[in-house]
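Taking it in order: structure first as structure tokens, then the write-up.
The values are calculated or read from the model by the stated rules, or taken from the named source; none is laboratory data. Source: prediction; values computed, not measured. Each accessible area value is taken on the protein alone, full model and side chains, heavy atoms only, with ligands, DNA and RNA left out. Shrake-Rupley method; radii C 1.70, N 1.55, O 1.52, S 1.80 Å.
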Amino acid sequence: MRLCGELHDLEDDMYHSREEVIEHIRDIRMIQKVIDTEILILIITAPNNRAFRDQLRKEGYLTYPWKWTYKDTFDVRYAFVCGYTTNRTLLAEMSKEAMEEGDLLIGDFEDTYENLVYKTIWLLRYAVERYTFDYVFKVDDDTFINSQLLFDFLYKYIKPNYNDLNVGYYGGMIRHGPREVQREGQWGIQKWEFEPDILPPYHVGGAYILNHVAAKKLIDLNARHVMVAFRIEDAYVGALADRLGLKPRDIPKTYSKQYDRFCGDKAGKIYHRVAPSFQVKMIKNWTTLGYYCKETKSLEQIIEAGEELLRKY
């Protein structure tokens, strides 16, 4: 009887948690106005990553007073994106944060690693339904972006054709060519999910950028269920892009775990796996000293500390 009572209480908590999320989603869907912006940054986060979000809000690249060379200012909007949690206490804290900060979106999916692909699709669908934009950034909350260098690059070299599908998918490619499908382990893709043995090139999930027409076509193609939405979200987006004939294009100086020789590089635009507290240090070093850290070892320590912090969540 006691066990039945505990199970009943757990089911009741999950039901109320779900209802709170649904109410939040209804609020999002009631927004009818389409907002026009140049750059939309949507940041993948986890329910319990409040410390990450606060750091980015207060001192991170989102709010840093960058000085651009292409033009005086850019119209930039941002929001954090996560799914719901069955932890009722945490969900209540998330709902309060969303109301107070106004920049946290809670989607209609449970926030798990297996659901990361649905999180990404939800994010892109929200972007194309609620905004007109030149570019939408899909960014993890442990990814550092040098907005000054990246925005200038996008608008100086890409802007004349920003709504062209052929130049609509930018980031750091995992490989400059096809990649054999991994079938086992954490990143395994089963044969029934994706039958070919070779994946097309795709951008690392830490950060990639789509123009409006590319994002819209990807969402439309996904809605047609032309393939199973397998859980490796960056590879899935790349597979959809390949179906559209949309080739991934490199942003120079985009790094993911390749830090050994880039510490003194002033031109680095994107770094993956960097905790927000260390992102702040990188910004200050770059703007005052002209480089991200004094020596290679310093940046390695930043990355290691960031990954250690991530493991605690």
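General remarks:
- Phi angles of the stretch 268-276 translate, via the Karplus equation with coefficients 6.51, -1.76, 1.60 and θ = phi - 60°, into HN-Hα couplings of x, 9, 9, 10, 9, 6, 10, 4, x Hz per residue; Gly and Pro are given as x.
- Surface composition of the stretch 49-184: carbon plus sulfur atoms hold 46% of the accessible area, using a 1.4 angstrom probe and ignoring ligands, DNA and RNA.
- Entries of K71/K284; K58/K156; K96/K284; K216/K253; K58/K281 with Cα pairs more than 25 Å apart: K58/K156; K96/K284; K216/K253
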